[in-house]
Amino acid sequence: MLGTGLIVRPEAATSMWVGRDGSRPGGQVLARALGARDTALGAGTLAALRGGGPTAPWVLGGLLCDGTDLLATHAARERLPAAAAPLIYLLAGGALLVGLANLADSTAPQA
């Protein structure tokens with residue numbers, strides 16, 4: 001959902017995350033690329049679940065991406081809009097916790 005939203009309306013999320021840069025062409029290109037990344041990770045995970053394949057590689061990929069989002073935002077937090085860091089801590093941090101819980105659960109399909 002978030003990935004598709006970034007592709008269709010990149011400025012809706014990027015302005016809260018990176019401020020005015022989100023409305024510039026470069027910010028919108030990066031937001032759409034980020035949206036495509038998230039959409040691909042979600043689609044790959046769903047395809048693995050439906051096909052009975054391993055989901056761990058997809059979950060690990062998501063963990064790497066979400067961890068990078070969190071660390072990059074944290075490093076730049078003083079130069080970002082006030083709501084950016086708390087928003088990404090919540091979104092990326094929550095995704096990290098869910099992903100780690102899924103990897104730790106060896107009795108159920110990991111997604």
For segment 50-66, give me each residue that is outside any helix (DSSP H, G or I) and either surrounded by fewer than 17 Cβ atoms within 10 Å (Cβ to Cβ) or touching an Asp or Glu at 6+ places or on another chain (Cβ under 7 Å) (or both). 52, 53, 54
I need the full set of residues from segment 12-33 which are part of a helix (DSSP H, G or I), within 19 Å of residue 76 (Cα to Cα) and of a type outside the set (S, T, N, Q), in order please. 13, 16, 17, 18, 19, 20, 21, 22, 26, 27, 30, 31
Checking the structure you have, find out if any residue of segment 34-49 is over 11 Å from the mean Cα position of the chain (by Cα), exposed (fewer than 14 other Cβ atoms within 10 Å of the Cβ), part of a helix (DSSP H, G or I) and not hydrophobic (A, V, I, L, M, F, W, C). no
Between a residue in segment 83-101 that is surrounded by fewer than 16 Cβ atoms within 10 Å (Cβ to Cβ) and any residue that is assigned to a helix (DSSP H, G or I) and at pLDDT below 95, which pairs come within a Cβ distance under 7 Å, given they are 6 or more apart or on different chains? 83/16
When segment 64-79 is checked residue by residue, the ones that are among the charged types (D, E, K, R) and closer than 17 Å to residue 40 by Cα are 66, 69
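Considering only residues of segment 1-11 that are assigned to a helix (DSSP H, G or I) and aliphatic (A, V, I, L, M), which is surrounded by the fewest Cβ atoms within 10 Å (Cβ to Cβ)?
The selected residue is 8.
Of the residues 70, 64, only one is at pLDDT 95 or above and out of contact with any helix residue (DSSP H, G or I) (no Cβ under 9 Å at 6 or more places or on another chain); which?
Numbers: 70 fails: out of contact with any helix residue (DSSP H, G or I) (no Cβ under 9 Å at 6 or more places or on another chain).
Matching residue, one of 70, 64: 64.
The values are calculated or read from the model by the stated rules, or taken from the named source; none is laboratory data. Fair warning: this is a prediction, and the values are worked out from it, not measured in the lab. All Cβ positions, even for glycine, are placed from backbone atoms using ideal geometry, and neighbour counts span all protein chains on display.
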